[in-house]
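The values are calculated or read from the model by the stated rules, or taken from the named source; none is laboratory data. None of the values given here were measured: they were computed from a predicted structure. Heads up, the Cβs are rebuilt from the backbone with ideal geometry, glycines too, and the neighbour counts pull from every protein chain shown. Remember, those area values only see protein heavy atoms, side chains included, never the ligands or the DNA or RNA. Shrake-Rupley method; radii C 1.70, N 1.55, O 1.52, S 1.80 Å.
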Amino acid sequence: MQRQGADPENMSAEDFLCDFCLRCWAPQRPMVEGHRGSLVCGECLAEAHRAVVVRGEGISVPDPEACALCLMHKDEPHWRSTKVEARPVVCRTCIKRSGAILEKDPDSGWKRPE
Ligand SMILES: [Zn+2]
Ligand SMILES: [Zn+2]
């Protein structure tokens, strides 16, 4: 997401926040974009990947709650962030897709957790 009150004509790294922890974009904190400017940082993504893909501990969410990245409700495992008040969720499809995107970017230094 974008920081509230950010000037769209003059955006800087601090204006782009991870939807799942509200920390800003930084070189050591790569991000992947979802729909409508939603963002997930590499750290949240690693945590989500570990829980949902590696450990199979994903949770189902009640309809119509939607994934913060694809904005769709899905019948599949999700990861829920407890770091922010809104407690957003991300679906397994977005976790896998975002992980693949970060992995392809050598600058991100991101590796999928095992
Ligand atoms: Zn984050
Ligand atoms: Zn999704």
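Summary of computed values
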{"item": "Of all residues in the stretch 81-114 being among the basic types (Lys, Arg) and away from ligand 1 (no atom under 14 Å from the Cβ), the one that is surrounded by the most Cβ atoms within 10 Å (Cβ to Cβ)", "result": "92"}
{"item": "Residue satisfying all of: in the stretch 50-80; touching a residue at least 40 places away in the same chain (Cβ under 8 Å) and more than 13 Å from ligand 2 (Cβ to nearest atom); surrounded by the fewest Cβ atoms within 10 Å (Cβ to Cβ) among these", "result": "54"}
{"item": "Looking only at the stretch 1-46, and only at residues there that are at positive phi and in a helix (DSSP H, G or I), the one that is most open to solvent (accessible area, probe 1.4 Å)", "result": "36"}
